[in-house]
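Undergrad: Sharing a structure here in structure tokens format.
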Amino acid sequence: MAALVKNCLYMLLAFTLLPLILSMHPDCVIQIEKEKCMEMITLDDPGSDPENVCRWMWDNLTCWQPAKIGDMVWMPCPELFEVMNEKIYEFMKVSRNCTEDGWSEMFPHYVDVCPFDDNQTRQTSPMEKYYESVKALYTVGYSTSLVSLTTAMVILCWFRKLHCTRNFIHMNLFVSFILRAISVFIKDSLLYAEEDSSHCFTHTVECKAVMVFFHYCVLSNYFWLFIEGLYLFTLLVETFFPERRYFYWYTIIGWGTPTVCVIVWAMLRVHFDNIGCWDINTNAAIWWVIKGPVLASIMINFILFIGIIIILVQKLQSPDIGGNESSIYLRLARSTLLLIPLFGIHYTVFAFTPEDVSKRERLVFELGLGSFQGFVVAVLYCFLNGEVQSEVKRKWRSWTVNRYFAVDMKHRHPSLASSGVNGGTQLSILSKSSSQIRMSSLQAETPAT
């Protein structure tokens, strides 16, 4: 009974302190330590070292290593206590004796030697409020992008005259942005829907599949940003090139390369870092399978961006292009600003800095402002596109004219309207009638010879 009460005390203490840990997901530190300990317990073979009577043991906060009878094992305060305090405390150690009956009671107790700020457990820390604000910001951003990108996709798919290689690449980029937004919402609903630690105990295949899908969508988005830059650069450099054949390779790069990277990453996680829901990257080498291609695409896109700007400067300074110096720089500035969201140049600000440097600014810049990138791309390359606007206006005029004549003919010629002739047919009938009237009038005006 006493052991049960102590275990309950340890668990209560752990769950009370979990929200304070900001080094990773606040409520997952204990679960990760437990999984590591359980793995050691599973691999432990008592026959390999029979002198160690006391085997591996997990007491809900610390993993105790094997020991011989009479040994006293000292362990430092768990990481949970070390990272939870804003104040600096001098932490001591806890110990257990290995006896013939197994592990003895712990002395001293965690509460006595591992201090924590009890007042802070009852209120939300400033960092937690900051994370909540960032989460609210990127939720609004991805929602706005999702609606605008979906509308842009409908427009580009609906009008046949807009179907070309350039717009097909735009459409694939829009789809990658849409998938990225959807994957973020799915991931957040799975991992952060509740404020407790339930998501740390999610070990199902579905949970890991969501993380695989999330990384695939993010990688695909970066690669289609890279393809946008590669296509525009190729368009400016080469005079003639087969766009359709290039588009085939663009599709393979944009959707195929992320597939390979994510499959390799998932296999490595299964064999070497199969902990939790795969939302925490404890193994830096495995994480580079995802991070490496992302950084490579950002770096190459930045180089392509510089190359395109140089080409634009040369073309704008050509004597064939009219305008004074101010108008040339205005065109260049406008072209540069249009290319920044399409190439994802803003990602280069923190791309090559360590992840623990300027963490607050990185979150706002990459998550907060980056979530609106899809909205900006949809506005610039669909809603404000002159070709798209002219096609939408043409369809709107055609629809209003057909609707006007349909209503007008219904009131003036009920029999014609009831015969099933639509507005377009009525318009053609009126056009033919008017042309026949003009021909007869011309014949009447022509003098007989």
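The values are calculated or read from the model by the stated rules, or taken from the named source; none is laboratory data. Everything quoted here is computed from the prediction, not taken from an experiment. So basically every Cβ, Gly included, is an ideal-geometry build from the backbone, and we count neighbours across all protein chains shown. When the accessible area is computed, the model is the full protein with side chains, heavy atoms only, and any ligands, DNA or RNA have been set aside. Shrake-Rupley method; radii C 1.70, N 1.55, O 1.52, S 1.80 Å.
Undergrad: Determine whether region 84-107 contains at least one residue that is farther than 25 Å from Tyr192 by Cβ, among the aromatic types (Phe, Trp, Tyr) and at pLDDT below 80.
TA: Yes, because at least one residue in region 84-107 is farther than 25 Å from Tyr192 by Cβ, among the aromatic types (Phe, Trp, Tyr) and at pLDDT below 80.
Undergrad: While we're on this one: Six or more apart or on different chains, Cβ under 7 Å: which pairs go from a residue in region 156-168 that's open to solvent by 70 Å² or more (accessible area, probe 1.4 Å) to one that's not hydroxyl-bearing (Ser, Thr, Tyr)? Could you list them?
TA: Lys161/Glu391
Undergrad: When only residues in region 267-298 that are open to solvent by less than 40 Å² (accessible area, probe 1.4 Å), part of a helix (DSSP H, G or I) and not small (Gly, Ala, Ser) count, which is nearest to Lys36 (Cα to Cα)?
TA: Arg269
Undergrad: Continuing with this model, one more query. State whether the residues of region 150-160 include one that is within 30 Å of Cys54 (Cα to Cα) and at pLDDT 75 or above.
TA: Scanning region 150-160 turns up no residue that is within 30 Å of Cys54 (Cα to Cα) and at pLDDT 75 or above.
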